[in-house]
Each structure stands twice: as structure tokens, then as C-alpha cells.
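The values are calculated or read from the model by the stated rules, or taken from the named source; none is laboratory data. Note that the structure is a prediction, hence the values are computed from the model and not measured. We place every Cβ from the backbone using ideal geometry, glycine too, and count neighbours over all the protein chains shown. Areas reflect the complete protein model, heavy atoms only, side chains present, ligands, DNA and RNA absent. Shrake-Rupley method; radii C 1.70, N 1.55, O 1.52, S 1.80 Å.
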Amino acid sequence: MKLATLANDSRDGVLVVVSKDLTQCTAVGHIAPTLQSALDNWAVCGPRLEKVAESLEGGYQPVQRFHERDSLSPLPRAFQWADGSAYVNHVELVRKARGAEMPESFWTVPLMYQGGSDTFLAPRSPIVVDDEAYGIDMEGEIAVIVDDVPMGASREDALQAIRLIMLVNDVSLRNLIPEELGKGFGFFQSKPSSAFSPVAVCPEELGDAWQDGKVHLPLSVDYNGEAFGRADAGTDMTFDFGMLIAHAAKTRSLCAGTIIGSGTVSNKMGNDPAKPINEGGVGYSCIAEMRMIETINNGKPSTEFMTFGSKVRIEMMDPQGKSIFGAIEQEVQGTKTT
């Protein structure tokens, strides 16, 4: 089952079921007007939405053309957005580039921060930033939406609470991060609104690619029309989604509609950092990681962060080469005009 939220005159849009090939959709307001309302009563709404999805594939539903450009993020706003750092290779590179040792606990306990969830960008909306000097970066990630998760849930119970899977562009303003973290209170200004894929899918939709709480498919990140990253989301993922969700629920319950992110998808090449695609590697899911490799190898980075007019596309294909979630396509824009 694939679900999307189309823009209307409300903040939360309108829920639709989308065909597997992302070409058609059907409104399901008689079941739930919004995705959050469906998640609030998933035990009832989930099976009914599944029946609509089956009927849609069979040609028995009234349909309209589905256009990704008309989609909001599946949840245009959420009660909670918590982003982890499941790919410890990424964290290790960050610290290595600045000459810092990585505590051993980073391999056993995931990092996680609570992001702003009051506004998410539509998957085709621009990334609007006041100043290029902020160090604008994309971060290609996977995210899950969960049902209610009780405090202290086990990894196994947490996995059973996953209802939907999405892609994310977790926008970061890299040059604002050091000062914020230096104050010991975490991210805020350095993490503006994120964007999610046009479509959210049930885990079953991924077939064998969904195993052990991981998505075992490459994440495609294109930057200014060039292939930038093809890292496999299931490889080098130290903490699976069950572990991330259980970590988030250690001291609090999570309400239905909570979004948990994987952190930047990152692969190694054996024991070495990944190489750019044009050098035979799988590339990177963010610019910062490429800059880290350049710093380690050459003493300083040579790749600049995003500037006004820069474009990013994030997508994931199935083994037959068909888009699963639709594409996040965004251009960086400034707030000032001359």
C-alpha cells in the first residue's frame, strides 16, 4: 500500500491511496481525511485502506491522475520527528575529519536528536535559506512512521509498530552546527524544515528488500544533475529501525504518527571510506561526508556546500528500476531578491 497527502486549503492536506506505479490515486476521505487521522485509528483504518489499495490495482476504484508535484510530505506536520544516526561510519568520519576520537559507546548506543516537526517541506518545494554562508547541505535518509509505542518497548515490539516508510532530505546548515553543539544544547537553528518523499509505503510493499528493520536498496542522490550517491540503505546500518525506535521510547511513550529517521545513509568500501561515484565508489548522501573524505586525504575540503540555485534529487528504485516513493526534488533559494 502506498499513501500520499495532496495539497488542499488546509494545513494537513487530504489523504489518498496511490497506485503501485505512482500514476493514479483515489481519495479516501470516507476512511480518514488525513494521514494522521488514519494513524490515530490504524487498527480500523489500516485494513480498510489496504482494501482500497487492492481495489485500485484491480481497476475497481474511481481514480484521478497522481502527480508528485501536487504532494505535500505524507505528514505535512507531525507530533514528533526524531532523527537518529544509524550509520556510525558517517559519525566516525565526522569526528576523524576534526581529529577527535570516537567513544566506544557510539557503536552500542545510537545518537538521536529531536527535530522541528511543526512544518515539513513538500517534496518539490524549494529549500529557502537566508544566507549561503550557513553551509547548506542535503542529507539523504530513510524514515519510518510508527503507531503508538509504549515506554520501554523492546526492539521486536518496536519493529511491529512501524506502519509506513519514507525517504527524507534532512536539510542541515553545517556552518551553524559547531556553535550550537558547542553550547551543549543540541541542534535548533542549524536544522531547518526537512522534506519527505511524495509517497509513504507499508513495509510489505518493499518485499524482500525490507528485512531486519532495514531497507536493503540503494538510495539515489543526484546533485545538480549528476549522480552523487548510491549508498545501500541496508549496508553498514549499525542500528536498525527497531533499535532506533526502542531507543526513542526508553523513557517515554511515542504517539501514533511519530517519525523516526535513520540519519545520513553511509557506506564504506571494506575498511576504507567510500569513494565518489566517478572513482568507482557508491558516493555519498550528503556533501559534508565528501568534504570529510577530502579533509582526511588532502588536509582540507575542496567541495563547496550548496548555493542558491543548487538542486538535489533523492529517490529509491525497486529491483526493476521503478520508483518506490517518488522523488524529492528541491532547489536552494535565497530569501532576498536584488
query: List pairs: first in the range 148-175 and touching a residue at least 60 places away in the same chain (Cβ under 8 Å), second acidic (Asp, Glu) and in a strand (DSSP E or B), Cβ under 7 Å, 6+ apart or cross-chain?
result: Val168/Glu141; Asp170/Asp83; Asp170/Glu141; Ser172/Asp137; Arg174/Asp137
task: State whether the residues of the range 131-149 include one that is under 16 Å from the mean Cα position of the chain (by Cα), outside any strand (DSSP E or B) and surrounded by 15 or more Cβ atoms within 10 Å (Cβ to Cβ).
output: yes
task: Tally the residues that are within 24 Å of Glu329 (Cα to Cα) and over 17 Å from the mean Cα position of the chain (by Cα), restricting the search to the range 210-258.
output: 4
query: Can you spot a residue in the range 81-89 that is among the acidic types (Asp, Glu) and open to solvent by 20 Å² or more (accessible area, probe 1.4 Å)?
result: no
task: Only residues in the range 74-92 that are in contact (Cβ under 8 Å) with a residue 40 or more places away in the chain count as the first member; pair them with residues that are open to solvent by 10 Å² or more (accessible area, probe 1.4 Å) and charged (D, E, K, R), Cβ under 6 angstrom, at least 6 apart or cross-chain, and list the lot.
output: Pro76/Asp12; Arg77/Asp118; Tyr87/Asp236; Asn89/Asp236; Asn89/Lys268
message: Give me the residue from the range 173-203 that is part of a loop (DSSP other than H, G, I, E, B) and hydrophobic (A, V, I, L, M, F, W, C) and, out of that set, nearest to the chain's Cα centre (by Cα).
response: Val199
field: Subset of the range 6-16 (residues that are free of Cβ contacts under 8 Å to residues at least 40 places away in the same chain and in contact with a helix residue (DSSP H, G or I) (Cβ under 9 Å, 6 or more places away or on another chain))
entry: Leu15
task: Take the range 150-186 and flag every residue that is in contact with a Gly (Cβ under 6 Å, 6 or more places away or on another chain) and among the β-branched types (Val, Ile, Thr).
output: Val168
- prompt: Does at least one position in the range 237-245 carry a residue that is closer than 25 Å to Pro126 by Cβ and not in a strand (DSSP E or B)?
  reply: no
message: Where the second residue is of a type outside the set (Val, Ile, Thr) and open to solvent by 70 Å² or more (accessible area, probe 1.4 Å) and the first is under 9 Å from Arg230 (Cα atoms) and touching a residue at least 12 places away in the same chain (Cβ under 8 Å) and lies in the range 265-277, which pairs have Cβ atoms under 8 Å and are six or more apart or on separate chains?
response: Ile277/Arg230
